[in-house]
Amino acid sequence: MTLLSTRPGRTQSGRTQSGRTPPGPSRLVAMKMLAVMNRDRLAMMTGAAATYGDASRLPVGHKSLYFFNHPDHAKHVLADNAANYRKGIGLMHARRALGDGLLTSEGELWRKQRKVVQPAFQSRRIAEQATVVAEEAGRLVGRLRDRIGQGPVDVTAELTGLTLGVLGRSLLDADLRAFGDVGADFAAVQDQAMFELATLSAVPMWIPLPHQRRFRRARRSLDATVDELVRQRRGRDDAGADVLSRLIMSADREPDPAVGRTRLRDELVTLLLAGHETTASTLGWTLHLLDQHPSVWERLHAEASEALGGNLPTYADLHRLPYTTAVVHEAMRLYPPVWLLPRMAVEADEIGGFAVPAGADVLISPYTLHRDPRFWPDPERFDPERFDPAATVSRPRYSYVPFGGGPRFCVGNNLGMLEAVFVLALLCRDLRLRTAPGHRVVAEPMLSLRIRGGLPMTVTAA
């Protein structure tokens, strides 16, 4: 990436009292990176890693971004010294759009929220929800089967409907389809969150830009949806152990009812946005990769047919789908649903011999970690065999971080994996999906790494 290239004497480097300053482009060159960041964020990250290696300092505007790209560095920031790192650029600014949900909150509030929702994602609860996941996956297969011979269908929209259906029933014990186009509302919220990232929240939200108007309408719609869900739940006699019940009880314990209502809304919007978007993105990328690699699809088809017969999957079937699980992992390696993990250093630190000042924005990118040829030979190749148990033994733990790491490891990872494996197994057992001719699949790094403009695919019987 030529924009990140520098000549001797024009890099920002030097010594500090504790460790070296990471190398990077001159400030003049780095000013041009703002345009690159807005146009192609992934190219900026991969270019920095290719040009400067494991650590780089990227002066952008009035601040510098410290980008670390080694598993040991990721482990230090996300786990070993996690107490020194808060959510950073992007998520910090996305708070204006998302509020103080589990994704953006910090400190004691985050610990309290995590404690409230954690039991709903324990293994026992996930096993109980396996039937819900299988039923929703079966409905998806039925809807797509009805489209055989009828031209392309936007698989992204179908997968979004699926994941919202699963989360609605499993976390809220409710059917979100009764509340209109919730998926479109979430898309508007995510667009606003990314706008906040790109502008560092410098644009007042009251300015009537088209996307800001869409965001305000979407947020009002989502707030109304949450209020109605809460109203319906309060009218029921059964308390339940799902996330909605637990969040309502937590909100009721707040001394200020207004604070309780706000936190309840923020938490539900955040959980539903993060939960449905990441799994839908993972499945979309997986289907695209399978279309490009028919031999992998054939093996998936054979495994699912043998393991499931003509039945819907059960929790006990999960261990009988190891290759399907490996395919999902390999898709997340190439296209991690969370492509960037931004943090901010509370106090000065040293990472891999490089100095990080207090208040610095630190970036860890699963997208670039997952493509490091030192740990992933021929990294651009799609090869599920990388996740054969024998092949994972010698690989550093933090060379693969699709769900993050440390104390902020994704709370919904087990539900997301169960959902992706079940859906993929049923789709490959019964159907064959192919990308519509002429459609160019392009990555769009938003809060999750989604496919720009959807994924039109034609459907045939397996």
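When ALA178, ALA258, ALA184 are checked against the criterion of being free of Cβ contacts under 8 Å to residues at least 60 places away in the same chain, loosely packed, with under 13 Cβ neighbours inside 10 Å and either farther than 22 Å from LYS112 by Cβ or in contact with a Cys (Cβ under 8 Å, 6 or more places away or on another chain) (or both), a single residue qualifies: ALA178. Scanning the range 405-462 for residues that are touching a residue at least 40 places away in the same chain (Cβ under 8 Å), within 27 Å of ALA74 (Cβ to Cβ), of a type outside the set (A, V, I, L, M) and part of a strand (DSSP E or B) gives PRO445, ARG450. Across the range 330-379, which residue is most open to solvent (accessible area, probe 1.4 Å) among those that are touching a residue at least 60 places away in the same chain (Cβ under 8 Å) and part of a helix (DSSP H, G or I)? The qualifying residue most open to solvent (accessible area, probe 1.4 Å) is TYR367. If you take the residues in the range 13-69 that are assigned to a strand (DSSP E or B) and exposed (fewer than 14 other Cβ atoms within 10 Å of the Cβ), which one is modelled with the highest pLDDT? Filtering first and then ranking leaves LYS63. Filtering the range 322-329 for residues that are under 18 Å from the mean Cα position of the chain (by Cα) and open to solvent by less than 20 Å² (accessible area, probe 1.4 Å) leaves a non-empty set.
How many residues are of a type in the set (Gly, Ala, Ser) and closer than 27 Å to GLN122 by Cβ when one looks only at the range 141-175? Here the count works out to 5. Within the range 204-236, the residues that satisfy the criterion of being modelled with pLDDT of 80 or more, among the hydrophobic types (A, V, I, L, M, F, W, C) and open to solvent by 30 Å² or more (accessible area, probe 1.4 Å) are TRP206, ILE207, LEU209, ALA224. For the range 71-126, a residue qualifies if it is in a loop (DSSP other than H, G, I, E, B), of a type in the set (Val, Ile, Thr) and either within 26 Å of PHE354 (Cα to Cα) or at pLDDT 80 or above (or both), and exactly one does: ILE89.
The values are calculated or read from the model by the stated rules, or taken from the named source; none is laboratory data. Note that the structure is a prediction, hence the values are computed from the model and not measured. No Cβ is skipped: glycine too gets one built from the backbone with ideal geometry, and neighbour counts run over all protein chains shown. With ligands, DNA and RNA removed, areas are computed over all heavy atoms of the protein, side chains included. Shrake-Rupley method; radii C 1.70, N 1.55, O 1.52, S 1.80 Å.
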